[in-house]
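These notes are about the structure you will find just below.
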Amino acid sequence: MTTEGPDAAPLHRQIQYLDQALKQNAVVRAALAVAAEMALPNWYLGAGGVAQTVWNLRHGFEPAEGIKDYDLVYFDPADLSVDAENRIEEEVARRLSDFGVVVDVKNEARVHLWYAQRFGRHLEPYKSTEDAIATWPTTASSVGVRNDIEGLVVCAPFGLSDILGMVARPNKVIVTQDVYDEKVSRWAARWPRLQVISW
């Protein structure tokens, strides 16, 4: 008799599973608390640090094992300066310095200002953090979370089945095949039960 994994559960159960999984990662707990204290506009902790916590636990690894960075995003169209973004990143790094991790902080309202120079293609300005999350490279990593007074708030434009089911599937909105292939080959070496969907 096989037991269905969390990826097959109803959405409310998937959110409960995700919440319990993330609570096991001390870095995630601290980062969520710091971002809430700083009251960043329309913020989420997302991408690899969230997905990889789940994959670690589903592989029987320590929750934070091998996670090289955590992504904290927010949306502030009122201040598109790189200085403001850097100040916030430095403050987050200071508050989380005991963990010895890298936290990559991005104001999603200003991504279009540097995207073409870095990736060689034009990007329309995002309308919100949720709009940005919907363009992240894989469906499993297109997930953002934050805490509010009612509990875990989840932004998952492609649902939670891929992150919980350990499926790496391309989200082709802006990512290129070479970037996707490099990312998933690295992931597959780290999490052997990951199912990689080819481009």
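The values are calculated or read from the model by the stated rules, or taken from the named source; none is laboratory data. No experiment lies behind these values; they were computed from the predicted model shown. Cβ atoms come from the backbone with ideal geometry, glycine included; neighbour counts cover every protein chain shown. Accessible surface is based on the protein model in full, side chains and every heavy atom, while ligands, DNA and RNA are left aside. Shrake-Rupley method; radii C 1.70, N 1.55, O 1.52, S 1.80 Å.
General observations
- Residue count for the range 108-151 under the criterion of being farther than 19 Å from Pro41 by Cβ, of a type in the set (A, V, I, L, M) and touching a residue at least 24 places away in the same chain (Cβ under 8 Å): the result is 3.
- Taking the criterion of being surrounded by fewer than 23 Cβ atoms within 10 Å (Cβ to Cβ), in a helix (DSSP H, G or I) and out of contact with any Pro (no Cβ under 9 Å at 6 or more places or on another chain), the residues of the range 32-66 that qualify are Leu32, Ala33, Val34, Ala36, Glu37, Met38, Gly48.
Results for (1) surrounded by 16 or more Cβ atoms within 10 Å (Cβ to Cβ); (2) part of a helix (DSSP H, G or I); (3) modelled with pLDDT of 95 or more; (4) not small (Gly, Ala, Ser), shown as yes or no for each residue.
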{"site": "Ala140", "(1), (2), (3), (4)": "yes, no, yes, no"}
{"site": "Val153", "(1), (2), (3), (4)": "no, no, yes, yes"}
{"site": "Leu164", "(1), (2), (3), (4)": "yes, yes, yes, yes"}
{"site": "Val175", "(1), (2), (3), (4)": "yes, no, no, yes"}
{"site": "Asp181", "(1), (2), (3), (4)": "no, yes, yes, yes"}
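- The residue list Tyr115, Tyr126 contains one member that is of a type in the set (Ser, Thr, Tyr) and out of contact with any helix residue (DSSP H, G or I) (no Cβ under 9 Å at 6 or more places or on another chain), which is Tyr115.
- Flag if Arg169 is basic (Lys, Arg) and either modelled with pLDDT of 95 or more or farther than 30 Å from Ala39 by Cα (or both): yes
- Considering the range 1-31, and only residues there that are within 14 Å of Leu57 (Cβ to Cβ) and touching a Phe, Trp or Tyr at 6+ places or on another chain (Cβ under 8 Å), the residue that is most open to solvent (accessible area, probe 1.4 Å) turns out to be Ala26.
- When Asp83 is tested against (1) assigned to a helix (DSSP H, G or I); (2) under 23 Å from Asn171 (Cα atoms); (3) out of contact with any helix residue (DSSP H, G or I) (no Cβ under 7 Å at 6 or more places or on another chain), only condition (2) is not met.
- Hits in the range 108-138 - residues which are open to solvent by less than 70 Å² (accessible area, probe 1.4 Å), aliphatic (A, V, I, L, M) and in a helix (DSSP H, G or I): Ala109, Val111, Ala116, Ala132, Ile133
- Residue tally, condition of a type outside the set (Ser, Thr, Tyr), in a loop (DSSP other than H, G, I, E, B) and open to solvent by less than 10 Å² (accessible area, probe 1.4 Å), over the range 142-151: 1
- Within the range 69-107, considering residues that are in contact (Cβ under 8 Å) with a residue 40 or more places away in the chain and touching a Phe, Trp or Tyr at 6+ places or on another chain (Cβ under 8 Å), the one surrounded by the fewest Cβ atoms within 10 Å (Cβ to Cβ): Val101
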